[in-house]
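Asks: Input: one structure, supplied below.
What follows is calculated from the coordinates using simple rules that are stated; it is not laboratory data. The shown structure was predicted, so the numbers you read here are calculated from the model rather than taken from an experiment. Don't worry about glycine lacking a Cβ; one is built from the backbone with ideal geometry, like all the others, and counts go over all protein chains shown.
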Amino acid sequence: MAKKKYSEEKLKYFEELIQKELKESIAYLEDISHTQSKGARENSGDLSSYAFHQADQGSDTNQMEQNVMLMEEERKKIRKLNDALRRLFDGHYGNCEMCGELISEARLEMLPYSTYCIDCKEKMEDKKRRQRR
Ligand SMILES: [Zn+2]
């Protein structure tokens, strides 16, 4: 079965998107872990560049928990981005894992690590919603 594929140029473009997101995610993760370890050691007010300005000082632990969650999310994203890169090199990138159709360009631009087209994604979420009831 001949699959539809994105052109080399498009793939190159998506690769750049992924690389860029990956770099941002890693920088973001480093930023959080840096803040995290710093915050744990000394609770000085020297967190200037970070979003600790959000007023209430009583929520330090909340902030820490939130950071852990953010880091977890970011790690997941990095994993997905790496998977996407692998698919790109293997030549599977851009095809829906469910139906094999091309995932729309707009969707890949928003979520370059998408593995399902919007239709399949919606179907799955629909199913999930129904299962939960
Ligand atoms: Zn699909």
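Asks: What are the lysines whose alpha-carbon lies under 26 Å from the alpha-carbon of LYS80, with same-chain residues fewer than 8 places away excluded?
Replies: Within the straight-line cut-off, LYS80 pairs with LYS3, LYS4, LYS5, LYS10, LYS12, LYS20, LYS23, LYS121, LYS123, LYS127, LYS128.
Asks: Now, a different point. Taking H as built 1.01 Å from N, whose amide H comes closer than 5 Å to the amide H of CYS99, not counting residues under 5 places away?
Replies: CYS117
Asks: Pop a pseudo-label 7 angstrom from the Cα along the beta-carbon direction at both LYS12 and ARG132 and give the gap in nm to one decimal.
Replies: Using points 7 Å along Cα→Cβ, the separation is 4.3 nm.
Asks: In nm, give the distance between the simple-model label positions of ARG86 and ASP119, each being 7 Å from the Cα along the Cα-to-Cβ direction.
Replies: About 2.8 nm separates the two model spin labels.
Asks: Using Cα pairs under 8 angstrom and six or more residues apart, how large is the relative contact order of the range 64-119, in percent?
Replies: 28 percent
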